[in-house]
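K.L.:
There's a structure below that I have some questions on.
Computed from the coordinates by the stated procedures, all read-outs in this text should not be read as laboratory data. Please read these numbers as outputs of a predicted model, since none were measured by experiment. We place every Cβ from the backbone using ideal geometry, glycine too, and count neighbours over all the protein chains shown.
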Amino acid sequence: MDEQALLQNYLIVGALLFGIGLVGFFSRRNMIVMFLCAEMSLQGVSLSLVGWSRYHNDWGGQMLVIFILTVAACEAAIALAVVLTLFHRSGKLDIAVWQQLREDNQAAFVDRDLVELERRQQVRWPTLTPAGIEPEPDLDQDTHRTHI
Amino acid sequence: MAFDFPVLMVLIPAFPLAGAIVTAMFGKWLKHEAHWPVVVSIVCSAVLSLMLLSHVVHESENSEMAVGWETTIELWNWSGVPDALAAPERAIGLTETGVAIAPPARLPFSVDVTLRADALTAIMLAVVTFVASLVAIYAVGYMHGDRGYWRFFSYIGLFVFSMTMLVSVSNFVLLYVFWEAVGLCSYLLVGFWYEKPAAIAAGKKAFLVNRVGDFGFALGLFLIWITYGTLNYHDSGGIAGVLGQARLSQTAAFATGGTATAICLLLLLGACGKSAQFPLHVWLPDAMEGPTPVSALIHAATMVTAGVYMITRCTPLYMASVDAQYAVAIVGAITCGLGGVIALTQTDLKRVLAYSTISQLGYMFLGLGAATFASITAGMFHLLTHAFFKALLFLSAGSVMHAMGGIIDMRRFSGLRRIMPITHWTFLFGGLALAGVIPFAGFWSKDAILGAVNAKGQEVSLYIPLYWVGMITAFLTAIYTFRGFFLTFYGPTRVPHEAGEHAHESVRWMTIPLMILAFFALTSGAYFEWTGQLHHWLGMTPSLAYSAVPRPDVHGGEGDLIVKTISTAFALAGVGIAAYLYLGDNSAAALLARIFYPLYWLSYGKFFFDQIYNVLFVWPMWLLAQLSSVIDNYLIDGIVNLVGKVPPWVASRLRSLQAGMVQFYALAMVWGVVVLIITLLVWPALARSME
């Protein structure tokens, strides 16, 4: 495989990673998933850096990637701590809960689909006759469970 | 010179100023003792003024100067503009020894802060500081317990400083400065009780009416400057002063014709404002809203006589214009009669005295307008006696007001002679002096004016009707004075409920100054008439020693005796009529008021000057102000506000972007990057391919 084709493959995979990350970041509201998506885009960029570095035969790019990995690790620690704090505050991982940064007179974003989802869950489906001991419902899990 | 004039001349104004500053700085801590600095310093000033007077008289009698005697002390030079004016025709240069030569081609504009002492200044200083010390002592009792006690005394100190400077300075610009300073003190003291809307309005009115006069005064000063090339009274810096020795010892050194008349009329306008002469007299009655000691000191004895002082000082200028003399005399006579007629029907005791002050100042102007040595000195003589007896009357009225719980309407009280015996007697003395009953002070000074005007009338027939106006006013004066006296002190004893159950004679702080003033109201006229000292002293003032001042011998002539007889008869008749009308029931007075209803209506309405001025000046100004306000509020503010509304409008459009959604911010960031890429990479590439 010649160098050009190799670079092309690297760049395609990097762009794909970046694009998937971006789309995921835009479309998902779970903070952890959003964070993962952001990391994915970051790694897409890193991959293209590695590709270019090899193509130009310049190790500076790969060295930079090492730095990026380190920084990403630190960033992950902080970001997860932030996510955890936010989760403790609201009991939800939904990013849409945190919309106080909007202008005062802007209407709040209300999640209509969420309401329908909750209603759908209350529909009783036919169940099998219980066999054996019914498991104790995990209260902790219920309170902390997100719908996202 | 064995005697140190400069020290005295500086100390006399410096004492009250120091007292005012000390009171202003420490008044809050001095509390009820806040009067001491001011009272002590004014009394010191009074003592020094009397010393100064005796020394000035001594020096004047041994004068070796060409015209009268004066001494000046230059403190510093306030402003100096070299070569400010091409020397006008009337400018006179001086050699080192004071010989008149041609002036330099261009004259400097300089305001020499110079104090002067001559007989006129010394007499004014003595009167001002003497009356001021008595009034300040009286105020200790009168103002006791007032919230603004220290503020009051601080203002009084400032006023005495300004007034002593006004009569001491030797420069027209500084005269103007202190002319305004006494006006400021008057404003502050009229509006002393600033929570009272009437007091604020009165202070504002006094200030605004005075602006009209001061406008004329300022124009007069400009005209003096371009006519004579200097604004100093005295000779200094190689240039002859307006009223200096060099100019006064020459004949024909003063401007004549239209220029002289214009200067004199403009100065007269200034004097009319300050001295409450027709048509600018409207502020003085309203100024009675101030505390009574202020009415006595500022609006009767001292500040309102500043106009008389100024015209006396400028006598040589007036000698150059016969028309201006007529104007002064006519203004004086009109004011004199007008004040007398209005005072007849007022129900407020202080208002009666205010109109009487206006009327008496009219006498002084009449005397000045007659423009003979005898009449001018008679005007000054009346100024002196009037300072005593009018201060006495006001302070007595204040004593009544104090006892009546702030009520001064004569319809509300009567028969107070049993409650306030001392005030009754002092008011009687003041009233007799004001009415001109022999041998009280007012008799001598008023007759001196009338006699001099009568004598002038033998030469210029214009003065004969003016003389009769003065004479009839003397009759009215006696009536309104004793109307007030009888209504207040005689009849059944009635006390308004505001006075409470314990209406009593005033404290000794108040009654002792009253008694001292009563003594002077009795004796000062006769003393100066018999000794002739005042005329003698004034004759040694450079302005009055000027040879152009006519000195016909009227003293002791047959005409003089006739004048005295008529005026005594009028005064006694006036007192008698007042006694007939107002002792016992007032039905005769009420009948008279009904018979002469139009006259009564005019007098009671004060000839409706306030209403006329309202229609002629206040309302048009008010309309103009409203128009300006509308333009300002709607047109100018509208444009400014419109400009101000653009950024909020743009922001309100953009505001919806700030929705608080994290994803949207991320999207915006990406769009930003896309725009950057397009502008930096795609667009240049496209542009290159197009070429």
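K.L.:
When the Karplus curve 6.51 cos²θ - 1.76 cosθ + 1.60 is applied with θ = phi - 60°, which whole-Hz ³J(HN,Hα) does each residue of segment B:671-677 get, with x for Gly and Pro?
P.N.:
Listing the rounded values in order: 4, x, 4, 4, 4, 4, 5 Hz.
K.L.:
Exceeding 21 Å between C-alpha atoms, which entries from my cross-link table qualify? They are B:205/B:446; B:390/B:446; B:28/B:205; B:28/B:274; B:456/B:564; B:204/B:274.
P.N.:
Checking Cα-Cα distances, B:205/B:446; B:28/B:205; B:28/B:274 exceed 21 Å.
K.L.:
Hey, got the average number of other protein chain Cβ atoms within 10 angstrom for residues in A:87-96?
P.N.:
Numbers: counts 0, 0, 0, 0, 0, 0, 0, 0, 3, 4.
Mean number of neighbouring Cβ atoms from other chains: 1.
K.L.:
For residue B:86 paired with residue B:533, estimate the spin-label separation in nm (one decimal), with each label point 7 Å from Cα along the Cα-to-Cβ line.
P.N.:
5.3 nm
K.L.:
In what sequence do B:634, B:467, B:490, B:233 fall when counting other Cβ within 10 Å, fewest first?
P.N.:
On the way: B:634 11, B:467 24, B:490 19, B:233 27.
If I rank by nearby Cβ atoms, fewest first, I get B:634, B:490, B:467, B:233.
K.L.:
Still on this structure: Let me know the charge dipole size of chain B about its Cα centre in debye, to the nearest 20, where only the beta-carbon of Lys, Arg (+1) and Asp, Glu (-1) is charged.
P.N.:
On the way: 34 positive and 36 negative charges, 409 e Å.
The dipole magnitude comes to about 1960 debye.
K.L.:
Helix B:322-343 versus the longest principal axis of chain B: what is the Cα-based angle in degrees, 0 to 90, to the nearest 10?
P.N.:
Here the helix axis deviates by roughly 90 degrees.
K.L.:
Follow-up question, since we're still on this one. Calculate one ³J(HN,Hα) per residue across segment A:37-47 by plugging θ = phi - 60° into the Karplus curve 6.51 cos²θ - 1.76 cosθ + 1.60, and present them in order as whole Hz with x for glycine and proline.
P.N.:
Those phi angles translate into 4, 4, 4, 5, 4, 4, 5, x, 5, 4, 4 Hz.
K.L.:
Another question, then. Could you name the lysines in cross-link range of residue B:31, using Cα to Cα under 24 Å and dropping any fewer than eight places away on the same chain?
P.N.:
Excluding near neighbours in sequence, the set is B:196.
K.L.:
Can you compute the helix-only [θ] at 222 nm over chain B? Use -39500 (n - 2.57) per DSSP H run of at least 4 residues, normalise by all residues, nearest 500 deg cm²/dmol. Don't jump to the answer; show the numbers that get you there.
P.N.:
Values: 29 runs with 463 residues, N = 691.
Computed mean residue ellipticity for chain B: -22000 deg cm²/dmol.
K.L.:
Here's another thing I want to ask about it. Could you tell me the distance between the Cα centroids of segment B:574-639 and segment B:420-492, to the nearest Å?
P.N.:
26 Å
K.L.:
Which FRET efficiency value, to the nearest 0.05, do you get for residue A:58 and residue A:110 by plugging their Cβ-Cβ distance into 1/(1 + (r/R0)^6) with R0 = 60 Å?
P.N.:
Working: r = 52 Å, r/R0 = 0.86.
With R0 = 60 Å, the Cβ-Cβ based efficiency is 0.70.
K.L.:
Please list, in chain and number order, the residues 5+ apart from residue B:239 or on another chain whose amide H is under 5 Å from its amide H, with Hs placed from the backbone.
P.N.:
B:94
K.L.:
Please report how far the C-alpha centroid of segment B:142-183 lies from that of segment B:523-543, rounded to the nearest whole angstrom.
P.N.:
Centre-to-centre (Cα) distance: 27 Å.
K.L.:
Using amide H atoms built in the peptide plane, which far-off residues or other-chain residues are under 5 Å from residue B:171 H to H?
P.N.:
B:233
K.L.:
Between segment A:2-81 and segment B:300-342, what's the alpha-carbon centroid distance in Å?
P.N.:
Between the Cα centres of segment A:2-81 and segment B:300-342 lies a distance of 102 Å.
K.L.:
Can I ask one more? Under 5 Å between amide H atoms, partner at least 5 residues away or on a different chain: which partners does residue B:111 have, H built in plane at 1.01 Å?
P.N.:
For residue B:111, whose amide H was placed from the backbone, the distant partners under 5 Å are B:78, B:79.
K.L.:
Sticking with this one: What FRET efficiency, computed as 1/(1 + (r/R0)^6) with R0 = 60 Å and r the Cβ-Cβ distance, is obtained for residue B:656 and residue B:624, rounded to the nearest 0.05?
P.N.:
Details: r = 48 Å, r/R0 = 0.81.
Calculated transfer efficiency: 0.80.
K.L.:
Once the piece of chain linking residue B:607 and residue B:686 is laid out straight, how much longer is it, given 0.36 nm per residue of separation minus the C-alpha distance between them? Can you show the working numbers first?
P.N.:
Values: separation 79, 0.36 × 79 = 28.44 nm, distance 9.27 nm.
Stretched fully, the residue B:607-residue B:686 segment lengthens by 19.2 nm.
K.L.:
Which ³J(HN,Hα) values, rounded to whole Hz and listed in residue order, are derived for segment B:81-91 from phi using the Karplus coefficients 6.51, -1.76 and 1.60 in 6.51 cos²θ - 1.76 cosθ + 1.60 with θ = phi - 60°, glycine and proline given as x?
P.N.:
Rounded to whole hertz, the list is 10, x, 6, 7, 8, 5, 4, x, 4, 8, 6.
K.L.:
Mind giving me the FRET efficiency for residue B:28 and residue B:347? R0 is 25 Å, r the Cβ-Cβ distance, nearest 0.05 is fine.
P.N.:
After rounding, the FRET efficiency stands at 0.05.
K.L.:
Cut-off is 10 Å between beta-carbons; in what order do B:319, B:404 appear when sorted fewest neighbours first? Working shown, then result.
P.N.:
On the way: B:319 20, B:404 23.
Arranged by neighbour count, lowest to highest, B:319, B:404 become B:319, B:404.
K.L.:
Let me spell out the model: positive unit charges on the Cβ of Lys and Arg, negative unit charges on the Cβ of Asp and Glu, origin at the Cα centre of segment A:3-94. What dipole size does that give, in debye rounded to 20? Kindly include the intermediate steps, with their values, before the conclusion.
P.N.:
Values: 5 positive and 5 negative charges, 77 e Å.
Around 380 debye, computed over segment A:3-94.
K.L.:
Order by neighbour count: B:386, B:424, B:504, fewest other Cβ atoms within 10 Å first, most last.
P.N.:
So the residues, fewest neighbours to most, are B:504, B:424, B:386.
K.L.:
What nm value, rounded to one decimal, do you get for the distance between residue B:615 and residue B:64 when each label is placed 7 Å out toward the C-beta?
P.N.:
Computed distance between label sites residue B:615 and residue B:64 equals 6.6 nm.
K.L.:
For the modelled label position 7 Å from the Cα of residue B:636 along Cα-to-Cβ, which residues of segment B:611-629 have backbone nitrogen atoms closer than 15 Å?
P.N.:
The answer is B:624-629, whose backbone nitrogens lie closer than 15 Å to the label point.
K.L.:
So what's the angle, to the nearest 10 degrees on a 0 to 90 scale, between helix B:558-582 and the longest Cα principal axis of chain B?
P.N.:
Compared with the principal axis, the helix lies near 70 degrees.
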